[in-house]
Every structure is written in structure tokens, then in C-alpha cells.
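As C-alpha cells, the structure follows; a few thoughts come after it.
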Amino acid sequence: MPAYATQLRLLTARIITTANEHVGSSAVRALRILPPGAVDTIPPPATDRSAPVRPRPDR
């Protein structure tokens, strides 16, 4: 297990408390420590085509 993951797991309670104090609520309840490369950080290419708009049905 990489050292950064161990350190984050040891600091989990402090990180959650600090995040909740910053936000002003109990929004953060848990952390999930992911290995490097687990999340694709490159956004998909933008397209020039917009999504089709469906008309609202008459009521």
C-alpha cells in the first residue's frame, strides 16, 4: 500500500471534520482513497452538436 494512502487513512477523521466545518454542514461522511490512475482526469472532447430538445407535451 502506498505511503500516501496510509497517511490519508490516518488523517481521515481530521479531513472530514475540516471539510464539514468549511461547508457548514455534515455533508462529508466518508472518504474513499483511490489508487493513482483510478479516475480518468482527461475530459472527453467537446462536440459542436448540442443535444436535441424535446418539446414539452401539452397538458
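Per-structure values
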{"quantity": "Solvent-accessible surface (1.4 angstrom probe) belonging to Leu31, in square angstrom, nearest 10", "calculated": "70"}
{"quantity": "Area of Val28 that stays accessible when all protein chains are in place (1.4 Å probe, Å², to 10)", "calculated": "40"}
{"quantity": "Cut-off 19 Å (backbone N to label point 7 Å along Cα→Cβ of Ala5), residues of region 27-46", "calculated": "30-41"}
{"quantity": "Inter-label distance for Ala46 and Val23, nm, one decimal - labels placed 7 Å from Cα along Cα-to-Cβ", "calculated": "2.9"}
{"quantity": "Extension gain, Ile15 back to Arg56 (0.36 nm per residue minus Cα-Cα distance, nm)", "calculated": "10.3 nm"}
{"quantity": "Which of Leu10, Gly24, Thr41, positive extreme of dipole for the chain (C-beta unit charges)", "calculated": "Gly24"}
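The values are calculated or read from the model by the stated rules, or taken from the named source; none is laboratory data. Treat the numbers as computed from the prediction; the structure is a model and nothing was measured. Heads up, the Cβs are rebuilt from the backbone with ideal geometry, glycines too, and the neighbour counts pull from every protein chain shown. Side chains are part of the model used for accessible areas, which takes the heavy atoms of the whole protein and leaves out ligands, DNA and RNA. Shrake-Rupley method; radii C 1.70, N 1.55, O 1.52, S 1.80 Å.
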